[in-house]
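Taking it in order: structure first as structure tokens, then the write-up.
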Amino acid sequence: MERDYHLLIGGELHAGAASFDVINPATERAFARCPKADAAQLDAAVAAAQRAFGGWAATPVGGRADKILEIAAALEARADEFAALLTAEQGKPLDQAVKEVRGSAFVLRTFAAMRLEPRVLREDGAVRVIEHRTPLGVVAAITPWNFPLMLLVNKVGPALVSGNTLVCKPAPTTPLTTCLFGELCRDILPAGVINVVCDENELGRAITAHPGIAKIAFTGSTATGKKVLAGTADTLKRVTLELGGNDAAIVLDDVDPTAVAGKVFEGAMRNAGQICVAIKRAYVPEPMYDAFCDELARLAREMVVDDGANQGAQIGPVQNRQQYEKVSALIAASKEHGTVIAGGEPLDRPGYFIAPTIVRDIADDAALVREEQFGPVLPVLKYDDVDALIERVNGTDYGLGGTVWGRDLERACDVASRVTSGTVWINQLVAIDPRIPFRGLKQSGLGTEMGLEGLEEYTQAQVIHAMPLNL
Ligand code: NAD
């Protein structure tokens, strides 16, 4: 894996103005250097994307789609290389990294097939009113560290097919797959259509305020999302914000607790809990509470927590030191407000490893219940009345996702409809699908990603009223 990584500006690979270490979270050791862009390199990337915009926007949509398909094929052909790098910088087990790479190719193919056709709004007599969708210009894609590749292509796919050009800015702790993706695109796309700049969190303000950027497509925390929104006010940029969540799993009283506990466990612990729509708190009816908690604890103790590069690893480390410390502190504090029945400690080895942790009998106002933990720890709460439960579930500023588990589907649907989240899954785990719109309510986001509605957000509408000249 010893190799150099570069910024991509105007179709050329560049060293950074400086560079920084990228740490493998399973070893806490630096394994590569990442180039760091300064303000001038950001300006150069934006200028290159602006220059490329006219030609790319004028390329027929079929031609743009063909290029996206080429990128998807190239990504799949190099899936092992991308997956190994993803595991090294992000920490997830290798088989899950391969899934992220293949899933990213699927996302690209899905967007390559999408079209926003002109809409006839009125056609009567001689008057014809048509709405066209046109690209915005330069899109800045700002991404977090939990799914560095998937969350990037969620933006690259719709931006490219609708005729925009891009400046991509990955998270400082997982920048390398984005650099490698830039290199891959360089061989396929015209110069400047995709540019990659990296930073250590310094470029955010300059990007959001940049007059040459038309839209910010952001995925990350709610706190940073608010800064992004504030930063775009002066230039009135278009913005989509996919932010944090505190998703509840609501278990109804007509299920087999052992079977559903397995699903809830998976939904909470996949990617070491670092998924925006991971299950972050579980609510279980009183009569089955003990059995449910016992099964969760059993599963937690069975998990193989290891370096994602090792065969058999099921849960890797938390991605970075800051998050590791945050999750460790939440677990330590939860010992005063609840009972830890599995895990509860970092592993005694190098790396940001935390044993999968289950906390029961925890108070509603404990930080672990109220805040987004974004780590391998699940609080399990008891309830006896569904109406009162809905209030507890909705009593948060977040509104991203959630799950309901029940045999009576009609009842489960009714409960789901009362949860104030952008998406609720019934009897299935987080199944984000690029064909289906995804959005956060309340402070979990602004705007839509994915689906045709998500694609529209990379365009602006222009209405043309046409009438023959009868003078
Ligand atoms: P973060 O907000 O710290 O960082 C996200 C990105 O923003 C990084 O690239 C970072 O460098 C950049 N950034 C930092 N300061 C900035 C500024 N002032 N202006 C613009 N950009 C700036 O998030 P994170 O810790 O990397 O990711 C975890 C968070 O992301 C969690 O809250 C998680 O729920 C959320 N997330 C949401 C979704 C979703 O679709 N809703 C998906 C994945 C992750």
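Assorted remarks:
- Val120 meets each of the listed conditions (1) surrounded by 21 or more Cβ atoms within 10 Å (Cβ to Cβ); (2) away from the ligand (no atom under 14 Å from the Cβ); (3) of a type in the set (A, V, I, L, M) apart from (1).
- Residue list for segment 283-299, restricted to those being touching a helix residue (DSSP H, G or I) at 6+ places or on another chain (Cβ under 7 Å) and of a type in the set (A, V, I, L, M, F, W, C): Val284, Met288, Ala291, Phe292, Leu296, Leu299
- Where a residue in segment 424-441 is within 15 Å of the ligand (Cβ to nearest atom) and its partner, wherever it lies, is at pLDDT below 95 and of a type in the set (Gly, Ala, Ser), with Cβ under 9 Å and at least six apart: Trp425/Ala431
- Candidates are the residues of segment 180-201 that are open to solvent by 10 Å² or more (accessible area, probe 1.4 Å) and in contact (Cβ under 8 Å) with a residue 40 or more places away in the chain; the one that is nearest to Pro35 (Cα to Cα) is Glu200.
- Only one of the numbered conditions (1) touching a Pro at 6+ places or on another chain (Cβ under 9 Å); (2) in the same structural domain as Ala329 (by TED's automatic domain parsing) is not met by Ala367, and that is (1).
- Note on segment 333-407: enclosed strands (runs of 3 or more DSSP E) holding 2 or more residues that are at pLDDT 95 or above and more than 27 Å from Ala223 (Cα to Cα) are 339-342, 377-383, 403-405.
- Odd one out for Gln41, checked against (1) in contact with a helix residue (DSSP H, G or I) (Cβ under 8 Å, 6 or more places away or on another chain); (2) assigned to a helix (DSSP H, G or I); (3) surrounded by 15 or more Cβ atoms within 10 Å (Cβ to Cβ); (4) in contact (Cβ under 8 Å) with a residue 24 or more places away in the chain: (1)
- The set of residues from segment 84-95 being part of a helix (DSSP H, G or I) and buried (at least 24 other Cβ atoms within 10 Å of the Cβ) comprises Leu85, Leu86, Thr87, Ala88, Glu89, Gln90.
- Reported count of residues in segment 211-237, each being within 10 Å of the ligand (Cβ to nearest atom) and not aliphatic (A, V, I, L, M), is 11.
- Matching residues, segment 336-386, being of a type in the set (Lys, Arg) and open to solvent by less than 50 Å² (accessible area, probe 1.4 Å): Arg360
- Any chance Gly451 is touching a residue at least 40 places away in the same chain (Cβ under 8 Å), within 16 Å of the ligand (Cβ to nearest atom) and among the small types (Gly, Ala, Ser): no
- 2 or more residues farther than 28 Å from Thr232 by Cα and free of Cβ contacts under 8 Å to residues at least 12 places away in the same chain: qualifying strands (runs of 3 or more DSSP E) within segment 109-179: 119-124
- Matching option when the condition is more than 9 Å from the ligand (Cβ to nearest atom) and polar (S, T, N, Q), among Thr240, Thr208: Thr240
- Checked against (1) among the small types (Gly, Ala, Ser); (2) out of contact with any Lys or Arg (no Cβ under 7 Å at 6 or more places or on another chain); (3) buried (at least 18 other Cβ atoms within 10 Å of the Cβ); (4) not assigned by TED's automatic domain parsing to the domain that holds Ala57, Gly454 passes all but a single condition, namely (4).
- Among residues that are more than 16 Å from the ligand (Cβ to nearest atom), open to solvent by less than 30 Å² (accessible area, probe 1.4 Å) and not assigned by TED's automatic domain parsing to the domain that holds Gly399, Thr459 is included.
The values are calculated or read from the model by the stated rules, or taken from the named source; none is laboratory data. Owing to the predicted nature of the structure, the values given are computational and were not obtained by experimental measurement. When we count neighbours, we look across all protein chains shown, and the Cβ atoms used for this are built from the backbone with ideal geometry, even at glycine. With ligands, DNA and RNA removed, areas are computed over all heavy atoms of the protein, side chains included. Shrake-Rupley method; radii C 1.70, N 1.55, O 1.52, S 1.80 Å.
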